[in-house]
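Undergrad: Structure incoming, see below.
The values are calculated or read from the model by the stated rules, or taken from the named source; none is laboratory data. Computed from a predicted structure; not experimentally measured. All Cβ positions, even for glycine, are placed from backbone atoms using ideal geometry, and neighbour counts span all protein chains on display.
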Amino acid sequence: MNADDIYTRVPTDMEDWLARLDLRMTIGGRDAPAGATGTVVHACTERPIARYPDADAGHVDAAVRVAAAAFPAWAATPWGERRACLERFADALRTQSDTLALIVAAEAGRPLRRAWGEVAFSADYVRMIAGQRLPDKAYRRAGLHAVLKHRPLGVVGAIAPWNGPVILAIAKIANALIAGDTLILRPSPFTPLSALYLGRMARDIFPAGVLNVITGDASVGAAMTTHPGIAKISFTGSTATGKRIAAAAAPTLKRLTLELGGNDAAIVLADADPAAVAETVYRISLENAGQFCAAIKRLYVHESLYDSVRDAIVRRAGAAVAGSCFRPETTMTPVQNRAQFDRVWSLFDDAVAGGGRVAVGGERHRGEGLFIPPTLVEGVGAGVRLVDEEQFGPVLPIIAFRDEAAAIAQANCGPYGLGGSIWTRDVDRGLALAERLDAGTGWVNQHGAFTAALPMPFAGESGIGMDYAEYGVAEHSQAMLINALLPSSADQR
């Protein structure tokens, strides 16, 4: 199996192929019927391509009941057995990678080669997280012995977004299940199909009730957030929705992991490599239509290097090809849904009306689909919405600077704090400047480089908590201190 061979296995009639998959919700290891259905729209054509079951509060109650019933046995399952189950799940992801990649391409509009890569990365992620075991930590002093342990938390509600329908669901599944929790996953209603398939895959691997998948609109997420039987909510999405979840979860004091919006800045110093900057900007911020939480969303370039960086990005962006995600020559990803498409264009129009100049892109796509060409806008700065707000689309402001202290100050403006990067040939200087960024992650000569082996902290209004590596597992665990007075000390009293 590889990313190129999959193009030879694209079904002639994708809508019929998806219908024959007959994807249904998974509650308690079984199909869960729903009376209502919703529609999945294919972003490359903006035409309906599939239907999905539309859950209600009753389905949430049913999922919580079976997840709660499954929790004691799964929590008591030895860590090695839980790890083995997750490794089998990783193997299944590899075995089923072609099918999952076709589903992701259909529901998200992502070029098929890139969709296949997401599934492959997800399998690797599960395998890595499956090996995470939180060690006990002992505290000793005269007469006392204490040990900090981690035990399973309970039923976790996971609400996943549309921009990474497999990997961002998988991250939540792996963290919760290796910690000994049971899980209820609600994917975005824009991209529910891959999650339904994951739920079906899980039935032969995990005990019934350990992993449940329900699909539906925001009302389903709201019912999960307020449900007293759910101990924790793990959410990835917008800051505005994250704030509503935090408020709704307050009466039951649910644990929260919130991975929210970002407005990441990259600062390119005078000695940086323009080609390396341009390649990363294109790959992280434009190629996938900017639909990545840690994409570069503001590009600050030293005035001496500005023209070189701008021109290199223009050349790279000019070669993008729009079209069907099922054709190998297509490189451009459409914006996944109409609401986001319209918002990105509104930010662009506002920037141009405010004096912004288009270096590349900016033209409306004449064919079908929600395509926005890779677009670079210059002549803008703070106070323009394109700079101040998260675009989550392939329209990027590029801003010249003279003084690096001023550039750092501009990068730190605003409420977000997901990530930022410094670009320079002097790595020591880059490391020092990266520490001055108000962000959860400061990169040097890279951006958006996440791996399951490294933590992902959130800062400011970009989230609450930490994800990935052992920290993601800890977020899904209950810490407990065992504190004993040793007999010799007790005898002295």
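Undergrad: The conditions are (1) farther than 23 Å from G440 by Cβ; (2) among the hydrophobic types (A, V, I, L, M, F, W, C); (3) surrounded by fewer than 23 Cβ atoms within 10 Å (Cβ to Cβ), and A317 fails exactly one of them. Which is it?
TA: Condition (3) is where A317 drops out.
Undergrad: How about region 329-353: which of its residues are surrounded by 17 or more Cβ atoms within 10 Å (Cβ to Cβ) and in contact with a Lys or Arg (Cβ under 6 Å, 6 or more places away or on another chain)?
TA: Scanning region 329-353 gives T333, L347.
Undergrad: Among residues belonging to region 230-251 that are in contact (Cβ under 8 Å) with a residue 24 or more places away in the chain and β-branched (V, I, T), point out the one that is surrounded by the fewest Cβ atoms within 10 Å (Cβ to Cβ).
TA: So the residue we want is T239.
Undergrad: Residues being touching a residue at least 40 places away in the same chain (Cβ under 8 Å) and either outside any loop (DSSP other than H, G, I, E, B) or not assigned by TED's automatic domain parsing to the domain that holds A249 (or both): count how many of those fall in region 155-170.
TA: Selection size over region 155-170: 8.
Undergrad: Mind checking which residues of region 354-374 are outside any loop (DSSP other than H, G, I, E, B) and either closer than 12 Å to M332 by Cα or touching a Lys or Arg at 6+ places or on another chain (Cβ under 7 Å) (or both)?
TA: Result: A359, single match.
Undergrad: Tell me which residues, restricted to region 209-250, are polar (S, T, N, Q), out of contact with any Gly (no Cβ under 6 Å at 6 or more places or on another chain) and under 21 Å from P165 (Cα atoms).
TA: N212, T215, S219, T225, S234, T236, T241
Undergrad: I need the helices (runs of 4 or more DSSP H) fully contained in region 227-319, keeping only those with at least 1 residues that are over 19 Å from the mean Cα position of the chain (by Cα) and in the same structural domain as D438 (by TED's automatic domain parsing).
TA: 274-281, 306-317
Undergrad: Tell me, yes or no, whether region 103-118 has at least one residue that is buried (at least 19 other Cβ atoms within 10 Å of the Cβ), among the basic types (K, R), closer than 25 Å to N288 by Cα and touching a helix residue (DSSP H, G or I) at 6+ places or on another chain (Cβ under 7 Å).
TA: yes
Undergrad: I'd like to verify a number: residues in region 388-433 that are assigned to a loop (DSSP other than H, G, I, E, B) and touching a residue at least 12 places away in the same chain (Cβ under 8 Å), how many?
TA: 17
Undergrad: If a residue must be under 18 Å from the mean Cα position of the chain (by Cα) and either surrounded by fewer than 24 Cβ atoms within 10 Å (Cβ to Cβ) or among the hydrophobic types (A, V, I, L, M, F, W, C) (or both), how many such residues does region 183-217 contain?
TA: 10
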